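Read-outs throughout are calculated quantities, based only on the coordinates presented, and are distinct from any laboratory measurement. The structure displayed is predicted, hence computed values, not measured ones. No Cβ is skipped: glycine too gets one built from the backbone with ideal geometry, and neighbour counts run over all protein chains shown.
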C-alpha cells in the first residue's frame, strides 16, 4: 500500500465510521458521528487499532480487486513530466529520488518561459 495516495471513504449511512485515509505518511482515522468537524484523529489511539486495521484491509482488498494504479510506483518518465510542469511544487518523497538522480533538470526551461 502506498501511504501517500491511500484513501478510503466509507458510506456514513452504513457505518458510523465515515473516513479512514493516509496522506503524507500520517494516518487519519475519524469517527464523524462523534467528531463532525474532524478535529480528533483516532489513528494513534490503541482503542481503535483493530478498527483502523479492518479499514486498511478493506482498502487493500479494494485496490487489488480494482487493480487501482495507486498501488504501483510511478514511472520515472511520469514523475519527470509532472516535475517539468510543476517544478518545486512536487514535494512527495518519490520526487526526491528523481532530484537526487537528475538534479533540477528543468530549472532552465522554467526560467526561460517566465
#### Entry: Nitroxide proxy distance, nm - points 7 Å out along Cα→Cβ at residue 91 and residue 45
2.8
### Task
Evaluate the distance, in nm, between pseudo-label points positioned 7 Å from the Cα of residue 66 and of residue 100 along their respective Cα→Cβ axes.
3.2
